[in-house]
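Single-structure report; data block below.
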Amino acid sequence: MSQLPEDGLIHLSSPHTVMETLTRLETIVEAKGLAILARIDHSGDAAKAGLEMQPTKLLIFGNAKSGTPLMIAAPTVAIDLPLKALVWQDNDGMVWLSYNSPDYLKERHSIPENLMQNVAGIGPICAEAVR
């Protein structure tokens, strides 16, 4: 894929398959004490509808103790919480892990600086998943 969309997204290339990357991500998320709230298999659902797309899976995870203070301070952040990480394969066979930049969330929702540590952990989690 020649140009990945930015607009607040961070994209990390993964040397693993989509499923391997997702499994690694889930293991790290759970080890950090975060709850996995949903797994959405976009490509699997497409196949059930008779459509074809590259492997694409979304993991939704979080922790109410971290997310609730953010939503109290900046209620609109609830549209972007819990945290989400998209693991997908492009048309060239490259696997990517994409997520919303914490700085983007701060700017989009006017999150107070003192609460940024509540979402900043997604970067290291995702970086570890693609190692």
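Amide H contacts for LEU9 (H built 1.01 Å from N in the peptide plane; partners 5 or more residues away or on another chain; cut-off under 5 Å): SER101. Across the options LEU81, ASN63, ILE125, the greatest Cα extent toward the positive end of the charge dipole of the chain (unit charges at beta carbon of Lys, Arg, Asp, Glu) belongs to ASN63. For the pair GLU107 and GLU30 in one chain, pulling the backbone fully straight at 0.36 nm per residue adds 24.9 nm over the alpha carbon distance. For the chain, the Cβ-based charge dipole about the Cα centre amounts to some 400 debye (Lys, Arg positive; Asp, Glu negative; other atoms uncharged). Cβ-Cβ distance of ALA38 and ASN91, R₀ of 25 Å, FRET efficiency by 1/(1 + (r/R0)^6): the value works out to about 0.45. Per residue, the Cα convex hull of the chain amounts to 108 Å³. About its Cα centre, the range 1-66 has a charge dipole of approximately 260 debye under the convention of +1 per Lys or Arg Cβ and -1 per Asp or Glu Cβ, with nothing else charged. Evaluating 6.51 cos²θ - 1.76 cosθ + 1.60 at θ = phi - 60° for every residue in the range 117-124, the Karplus couplings come out as 4, 6, 10, 5, x, 5, x, x Hz, glycine and proline recorded as x. Rounded to whole numbers, the Karplus 3J(HN,Hα) couplings from phi for the range 3-11 are 9, 8, x, 9, 6, x, 9, 10, 10 Hz, using 6.51 cos²θ - 1.76 cosθ + 1.60 with θ = phi - 60°, and x at Gly and Pro.
At full extension, ASN114 and ILE79 could sit 10.6 nm farther apart than now, given 0.36 nm per residue minus the alpha carbon distance. For LYS57, the lysines whose Cα falls under 21 Å of its own Cα, not counting residues fewer than eight places away in the same chain, are LYS32, LYS48, LYS84.
Couplings 3J(HN,Hα) of the range 67-78, computed from phi: x, 4, x, 5, 5, 5, 6, 9, x, 5, 5, 4 Hz, in residue order, whole Hz [Karplus 6.51 cos²θ - 1.76 cosθ + 1.60, θ = phi - 60°; x for Gly and Pro].
Only the coordinates and a few stated rules stand behind these numbers; no lab work does. This structure is a prediction, so every number in the text was calculated from the model and none was measured. Cβ atoms come from the backbone with ideal geometry, glycine included; neighbour counts cover every protein chain shown.
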